[in-house]
Amino acid sequence: MKIWGLAVALLVSAVCAPAQQDQPSSPSLPAQSDTPAAASETKPEASSKLALTPDAQGKLSQQQMQELFRVVADKDLENDKRLHDYTYVEHDVEHRRYGKGNTKSTETKTYDVLEVYGEQVQRLTEKDDKPLSPKDAAKEEEKIQKIIDKRKNESEEERKKREQHQEKDREEGRKFITEVADAYNFKLVGTEQINGRDAWVIDGEPRPGFEPKIKEAKFLPKFHGRVWIDKDDEQLVKMDVEAIDTVSLGWFLARVHKGTRVTFEQTRVNDEVWLPQHVTFKVDVRLALVKNFNIDGEQTYRDYKKFRTSTKILGMTGEAKDQQ
């Protein structure tokens, strides 16, 4: 589930960004998985809604809010699955400061996010708000061509192994969902209108005595935050998550300090799915217990276009041609 897992994922990606640049990936969202196709076809998600009527004091019970978060989580996983039906543009801006000094480096990148044989890949189109040189653009096309060739020549055994790995990721995502709902005490703050739609506003604080069942959930008590959930669609609209304690990543690899913050907004696309719109983050980190630096930035997602299964990315042109 993205609601709290996104914070941890962004911290890790921000710290490890130099080693991950220009790798094919989905947008910088948590490594959560989609639900299996068969399960999504039978799930009564579209036709059933929770009975969320506040009591006389205008409150929802903990059980109601936990149930709501589990429904939102299921839909979030379905959104992640449907994201693969779309191409879009991702724009990243990152500022890095070392010690307590002024900005030492600023990096801006723009990507076209494409679907290639069931795999989302990023094609870098601009750097520092300038188009790539012909040489660098050719390298990007070559990268995509390698992915195309790899998928075209994939053996049956390789395909099965890849699908098994994806199913393992899906199962881990489902386990994480349960952990998120159990890790927090939720409080209904009220309702707000966002883009003309009513949303529940809910705060989450770590639940005392929470014992994670999977290692990915051990970070959850280090964060608290607020989420906005669309009342009609029961979808995550917005979240604001903050670290309330130091988060250690790996054996002395990095420590993310208290006050690190992530905000995330989604938008309704084609009246069928909620997809990322805007992410901001501010990270205070100490790397290898030696170097302190701050990272802040934002990611925006735009120009969502439905990707038809009858469409295929062809070769070095970077263009899509309809097979029908």
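The values are calculated or read from the model by the stated rules, or taken from the named source; none is laboratory data. The structure presented is a predicted model; accordingly, all values stated were derived computationally and were not measured. Ideal geometry is used to build each Cβ from the backbone, glycine not excepted, and the neighbour counts take in all protein chains shown.
Taking the numbered list (1) modelled with pLDDT under 80; (2) surrounded by fewer than 18 Cβ atoms within 10 Å (Cβ to Cβ); (3) not small (Gly, Ala, Ser) in turn, Ile313 passes all entries but (2).
Scanning the range 62-121 for residues that are over 29 Å from Lys175 (Cα atoms) and more than 21 Å from the chain's Cα centre (by Cα) returns Arg96, Arg97, Tyr98, Gly99, Lys100, Gly101, Asn102, Thr103, Lys104, Ser105, Thr106.
For the subset of the range 141-186 comprising residues that are polar (S, T, N, Q) and over 22 Å from Pro206 (Cβ atoms), which member is nearest to the chain's Cα centre (by Cα)?
Taking the range 141-186 as the starting set, the residues that turn out to be polar (S, T, N, Q) are 145, 153, 155, 164, 166, 178, 185.
Then keep just the ones that are over 22 Å from Pro206 (Cβ atoms); that gives 145, 153, 155, 164, 166.
Numbers: Gln145: 26, Asn153: 30, Ser155: 30, Gln164: 22, Gln166: 17 Å.
So, considering only residues that are polar (S, T, N, Q) and over 22 Å from Pro206 (Cβ atoms), the one nearest to the chain's Cα centre (by Cα) is Gln166.
Filtering the range 107-138 to residues that are over 20 Å from Asp92 (Cα atoms) and out of contact with any helix residue (DSSP H, G or I) (no Cβ under 7 Å at 6 or more places or on another chain) leaves Gly118, Pro134, Lys135, Ala138.
For the range 99-115, which residues satisfy the criterion of being surrounded by fewer than 19 Cβ atoms within 10 Å (Cβ to Cβ) and either modelled with pLDDT of 95 or more or of a type outside the set (Ser, Thr, Tyr) (or both)?
Within the range 99-115, Gly99, Lys100, Gly101, Asn102, Lys104, Glu107, Thr108, Asp112 meet the criteria.
Of the numbered criteria (1) more than 20 Å from Leu52 (Cβ to Cβ); (2) under 19 Å from the mean Cα position of the chain (by Cα), the one Pro212 fails is (2). Count of the range 204-249 residues, restricted to those that are modelled with pLDDT of 90 or more and of a type in the set (Lys, Arg), is 5.
Is it the case that some residue within the range 198-219 is over 29 Å from Glu272 (Cα atoms) and either in contact with a Gly (Cβ under 6 Å, 6 or more places away or on another chain) or crowded, with 21+ Cβ neighbours inside 10 Å (or both)?
So far as the range 198-219 goes, yes, one or more of its residues are over 29 Å from Glu272 (Cα atoms) and either in contact with a Gly (Cβ under 6 Å, 6 or more places away or on another chain) or crowded, with 21+ Cβ neighbours inside 10 Å (or both).
Sub-6 Å Cβ pairs linking a first residue in the range 225-247 that is within 13 Å of Lys75 (Cα to Cα) to a second residue that is aliphatic (A, V, I, L, M) and surrounded by fewer than 17 Cβ atoms within 10 Å (Cβ to Cβ), at least 6 apart or interchain, are Val237/Ile194, ordered by first then second residue.
Please specify each residue of the range 111-139 satisfying the condition of being of a type in the set (A, V, I, L, M) and over 28 Å from Lys306 (Cβ atoms).
Of the range 111-139, the ones of a type in the set (A, V, I, L, M) are 113-114, 116, 121, 124, 132, 137-138.
Across the range 111-139, the qualifying residue is only Ala138.
Quick check on the range 76-88. Is at least one of its residues surrounded by 18 or more Cβ atoms within 10 Å (Cβ to Cβ), touching a Gly at 6+ places or on another chain (Cβ under 9 Å) and farther than 21 Å from Glu298 by Cα? Yes, the range 76-88 has at least one match.
Each row is one residue, and each column tells you yes or no for (1) over 30 Å from Phe69 (Cβ atoms); (2) out of contact with any strand residue (DSSP E or B) (no Cβ under 7 Å at 6 or more places or on another chain); (3) among the basic types (Lys, Arg).
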residue	(1), (2), (3)
Ser105	yes, no, no
Val116	yes, no, no
Leu124	yes, no, no
Pro134	yes, yes, no
Lys146	yes, yes, yes
Asp149	yes, yes, no
Lys152	yes, yes, yes
Glu157	yes, yes, no
Lys175	no, yes, yes
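List the strands (runs of 3 or more DSSP E) that sit entirely inside the range 176-263 and contain at least 1 residues that are closer than 17 Å to Val283 by Cα. Break it down stepwise before answering.
On the way: elements: 184-194, 197-206, 223-230, 236-243, 247-249, 254-256.
Strands (runs of 3 or more DSSP E) meeting the threshold: 223-230, 236-243, 247-249, 254-256.
Can you tell me which residue is nearest to Lys231 (Cα to Cα) among those in the range 173-190 that are among the charged types (D, E, K, R) and at pLDDT 80 or above? Please lay out each step first, then the result.
Start the filter on the range 173-190 by keeping residues that are among the charged types (D, E, K, R), which leaves 174-175, 179, 182, 187.
Filter again for at pLDDT 80 or above, leaving 179, 182, 187.
Values: Glu179: 23, Asp182: 22, Lys187: 16 Å.
Among those that are among the charged types (D, E, K, R) and at pLDDT 80 or above, it is Lys187.
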